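Let me begin by presenting the structure, written as structure tokens, before commenting on it.
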Amino acid sequence: MYVRFVDRAAELSILLGLAERGSGVPIYLYGPEGCGKTRLLRELVARLREHSSYLVAYIDALEERDPGRAVAGSDELRRLILDAVRSAGGGPLGVILVYAVARVLASIERRLVEGRHVVIVVDDVARPLGLDSVEAYVKSLLRLVEYDLAEKNPASVLVVASTSEGLSLEKLKRHPTWVSVKLLWGLPREGFEELAGLLGAPGTELVGDVWRFTGGNPRALIQIATVYQWNIKAWLRDLDASIIVPVLAEAKARGLLAELREVLEDPDSIITSATPGLQQVGQLLVEHNLLIYKAIATLTGESIPANQELGIGRYYAWQLPAYRILLRKHLQGQLGTPAW
Ligand SMILES: Nc1ncnc2c1ncn2[C@@H]1O[C@H](COP(=O)(O)OP(=O)(O)OP(=O)(O)O)[C@@H](O)[C@H]1O
Ligand SMILES: [Mg+2]
């Protein structure tokens, strides 16, 4: 379901400013699954592509079948990228796309770039590439910004890559000068309520409950509204069966339940206590995208404040508060008799 874009005025304005002035290093936009990265970046591209002084491309690196759907932006650049995709060898489309855009930009004609603002967005870059290639790829984006495009005298260059893969961040944290990592979080309460209203939320009390379980995640909200018709219980049941139970089983098999309890109390214990067991359970939860490292500034330069009720620590947070609530109920033996 496609709902009107809400909130994010500050983030969009920062990105528009960066698009106009350029950024000396690529921006790596990172945040929980479904927090709104793609939507924000698509809004940015939609606003810029109409202006002839901007040369814009958006690549959806998760597209598996149709290159035409995966590439948006200025016509001339879109055409070049699609030609490069067509002439590439075999392999997964996402991989072909991300390398095609880098290749096209490395050798793009000067006349297309000179005097224009170049804005390139590679969305969901880490998944098709895999962790082994993400570092090298990001380095190649940096080379584009520093040399290949810069040499063609653009008015400015902005390259943004996005991901929700926490492990890719681990890799990139080793190269702090290659990218500027920025955190995007779910919607703030007001924006969340506005979106809930647009989705026809039946009442403010229920919206409050959805907030408590989702912490402002727009995808989870849309899912609860559309797929589950506001039946939070049914949504939780499915989340439990598909995500929580398998992770819990793995934690149990690896003898990590005591550590899991600790992380449920305080996600920062992974860092502040840092025993091998805590680190292992942290790795497991990050790998499964249940937990996310969040001690990173947002686009607006703020940090997401700790919030115990929503499971947000200073360093780590649960991607959805619901994960923590469900895991807790399991570990308290309330499996068959959930009290929500
Ligand atoms: N500001 C917003 N206004 C309205 N809808 C939004 C907003 N942000 C996100 N959404 C909607 O929420 C859903 C999830 O957003 P989006 O796809 O951008 O998440 P994401 O962070 O890219 O997730 P992933 O990490 O899985 O790629 C989409 O349906 C999107 O249209
Ligand atoms: Mg996305």
Test set (1) at pLDDT 95 or above; (2) surrounded by fewer than 17 Cβ atoms within 10 Å (Cβ to Cβ) - residue 22 fails condition number: (2)
Residue within the stretch 15-37 that is within 16 Å of ligand 1 (Cβ to nearest atom) and free of Cβ contacts under 8 Å to residues at least 60 places away in the same chain present: yes
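For (1) assigned to a helix (DSSP H, G or I); (2) surrounded by fewer than 19 Cβ atoms within 10 Å (Cβ to Cβ); (3) in the same structural domain as residue 33 (by TED's automatic domain parsing), each residue gets a yes or a no:
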position: 279; (1), (2), (3): yes, yes, no
position: 300; (1), (2), (3): no, yes, no
position: 310; (1), (2), (3): no, no, no
position: 326; (1), (2), (3): yes, no, no
Residue 207 vs. criteria assigned by TED's automatic domain parsing to the domain that holds residue 302 and either touching a residue at least 12 places away in the same chain (Cβ under 8 Å) or within 12 Å of ligand 1 (Cβ to nearest atom) (or both): no
Residue identified as on the phi < 0 side of the Ramachandran plot and without any contact (Cβ under 8 Å) to a residue 24 or more places away in the chain among 161, 136, 106: 136
Flag if residue 248 is open to solvent by less than 60 Å² (accessible area, probe 1.4 Å) and not small (Gly, Ala, Ser): yes
Residue match in the stretch 53-69 (condition: at pLDDT 95 or above, open to solvent by 10 Å² or more (accessible area, probe 1.4 Å) and more than 24 Å from the chain's Cα centre (by Cα)): yes
Every residue from the stretch 79-95 that is within 23 Å of residue 39 (Cα to Cα) and either crowded, with 20+ Cβ neighbours inside 10 Å or in contact (Cβ under 8 Å) with a residue 24 or more places away in the chain (or both): 81, 93, 94, 95
Flag if residue 296 is of a type in the set (Val, Ile, Thr), in a helix (DSSP H, G or I) and either modelled with pLDDT of 95 or more or outside the structural domain of residue 210 (by TED's automatic domain parsing) (or both): no
Among the candidates 42, 4, residue that is within 12 Å of ligand 1 (Cβ to nearest atom), in contact (Cβ under 8 Å) with a residue 24 or more places away in the chain, surrounded by fewer than 19 Cβ atoms within 10 Å (Cβ to Cβ) and outside any helix (DSSP H, G or I): 4
Which numbered condition residue 35 misses (of (1) touching a Leu at 6+ places or on another chain (Cβ under 7 Å); (2) away from ligand 2 (no atom under 11 Å from the Cβ); (3) open to solvent by less than 10 Å² (accessible area, probe 1.4 Å)): (2)
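The values are calculated or read from the model by the stated rules, or taken from the named source; none is laboratory data. Computed from a predicted structure; not experimentally measured. Using ideal geometry, Cβ is built from the backbone for each residue, glycine included, and neighbour counts are taken over all protein chains shown. Heavy atoms of the whole protein, side chains included, go into the accessibility calculation; ligands, DNA and RNA do not. Shrake-Rupley method; radii C 1.70, N 1.55, O 1.52, S 1.80 Å.
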